[in-house]
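First the structure, in the form of structure tokens, and then the observations on it.
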Amino acid sequence: MTESTLDSSTLDQSGQASPAAGASPPPLSRGQRILRRTGWTLLGLFALIVFTLAKLPEARLKNFVLGHLQNALASRGVIASATKAHLSLGLGVTYVLEGVVLTPPAPDLPIKIDEVDLSPSLLPLLLGRAGGTVVIQQADTELTASFSSKGPDARIRFKADKVNLGRMGLLNLFVGIRGSGIVTGQGSIQGNLSVPSTWNGEGRLNLTKISLEQQNIQGFNIPGLSISEGTVDLHFEGGKGQIRKLTFGKPGYPNDDLVASVTGDLQLNNSL
């Protein structure tokens, strides 16, 4: 009978020697130490921002958020107001505005929105860019957009879930067309938003219950139109746009005032 001995190390299941209990762990590499310090710094910065904002009075918080919203809409002469604002600390910091009213220049009517949630992103901020996520809620519809910007350049991704363009007033506010419709889809755009020739992006949208008021658009008198459905598939790159698919109405459907299908290329202007 042979007597065997074991040293201070034990063998694991793979047969490799592992440190005995109480042994010191191996020292961290330089990269691991940098990552650990960076993580603690970001955590401390995030906590500082959260606790600072949490102590802001509601009036100052509302003015702070409305000020940023006002700056974004200033070029269109729109005045923003809200009945209530508060800070939500769930999975991140979210500014919540309730009872938002956007007042465009006369004769357009004010636009009322139930709630606007703004969640700033920390990473773009550290890279010198403003960024975050905006959620616009109106009744049972929701429009979500993530954005980042630096100077005049911006990057926006959006997702629409049965958004009523007429009720939110987005069609008239951003396109200058009076009408309504229900839109579902998603898209993205990157570049200087005031210079279409710099745009890169795409959009795929499905529309239903489209209604346009009688109006003058770019010198053309447009009669009132009612269209049951439509599809939009656009692509922008290098100052050029491609209409992959643009359809309105259903062939043979008697209640559609317009039935059309368009494809082709667009040359984007240097300014809106």
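Within the range 191-211, being at pLDDT below 90, of a type outside the set (A, V, I, L, M, F, W, C) and touching a Leu at 6+ places or on another chain (Cβ under 9 Å) holds for Ser194, Pro196, Ser197, Thr198. Checked against (1) touching a residue at least 60 places away in the same chain (Cβ under 8 Å); (2) in contact with a Leu (Cβ under 6 Å, 6 or more places away or on another chain), Val163 meets all criteria but (1). Could you look through the range 240-255, keep only residues that are among the small types (Gly, Ala, Ser) and at pLDDT below 90, and pick out the one that is nearest to Val195 (Cα to Cα)? Across the range 240-255, the extreme among qualifying residues is Gly241.
(1) at pLDDT 90 or above; (2) among the polar types (S, T, N, Q); (3) more than 19 Å from the chain's Cα centre (by Cα): which one isn't true of Gln214, the others all being true? Condition (1) is where Gln214 drops out.
When we screen Val101, Val93, Val78 for residues that are modelled with pLDDT under 85 and either within 23 Å of Asn172 (Cβ to Cβ) or open to solvent by 50 Å² or more (accessible area, probe 1.4 Å) (or both), the only hit is Val78.
Name the residues in the range 194-206 that are touching a residue at least 60 places away in the same chain (Cβ under 8 Å) and either open to solvent by 60 Å² or more (accessible area, probe 1.4 Å) or touching a Lys or Arg at 6+ places or on another chain (Cβ under 9 Å) (or both), would you? Ser194, Ser197 - these are the residues of the range 194-206 that are touching a residue at least 60 places away in the same chain (Cβ under 8 Å) and either open to solvent by 60 Å² or more (accessible area, probe 1.4 Å) or touching a Lys or Arg at 6+ places or on another chain (Cβ under 9 Å) (or both).
With respect to Glu142, determine if the residue is buried (at least 16 other Cβ atoms within 10 Å of the Cβ), under 21 Å from Ala85 (Cα atoms) and more than 15 Å from the chain's Cα centre (by Cα). So Glu142 does not fit the description; no.
The rows are residues; the columns are (1) under 18 Å from the mean Cα position of the chain (by Cα); (2) more than 20 Å from Ile243 (Cβ to Cβ).
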position: Ser149; (1), (2): yes, yes
position: Phe158; (1), (2): yes, no
position: Leu165; (1), (2): yes, no
position: Leu173; (1), (2): yes, yes
position: Val183; (1), (2): yes, no
position: Ser197; (1), (2): no, no
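Among all positions in the range 163-183, there is no residue which is surrounded by fewer than 16 Cβ atoms within 10 Å (Cβ to Cβ) and modelled with pLDDT of 90 or more. Which is in a helix (DSSP H, G or I) and not aliphatic (A, V, I, L, M), of Phe158, Phe174, Phe147? Answer to the selection: Phe174. Within the range 127-139, the only residue that satisfies the criterion of being surrounded by 16 or more Cβ atoms within 10 Å (Cβ to Cβ), under 23 Å from Phe236 (Cβ atoms) and touching a Lys or Arg at 6+ places or on another chain (Cβ under 8 Å) is Arg129. Scanning the range 252-270 for residues that are in a strand (DSSP E or B) and either surrounded by 10 or more Cβ atoms within 10 Å (Cβ to Cβ) or without any contact (Cβ under 8 Å) to a residue 24 or more places away in the chain (or both) turns up Ala260, Ser261, Val262, Thr263, Gly264, Leu266.
The values are calculated or read from the model by the stated rules, or taken from the named source; none is laboratory data. This is a predicted model, so every value here is computed, not measured. Glycine gets a Cβ as well: all are built from the backbone with ideal geometry, and neighbour counts include every protein chain shown. Ligands, DNA and RNA are stripped out before the accessible areas are found, and what is left, the full protein with its side chains, is counted by its heavy atoms. Shrake-Rupley method; radii C 1.70, N 1.55, O 1.52, S 1.80 Å.
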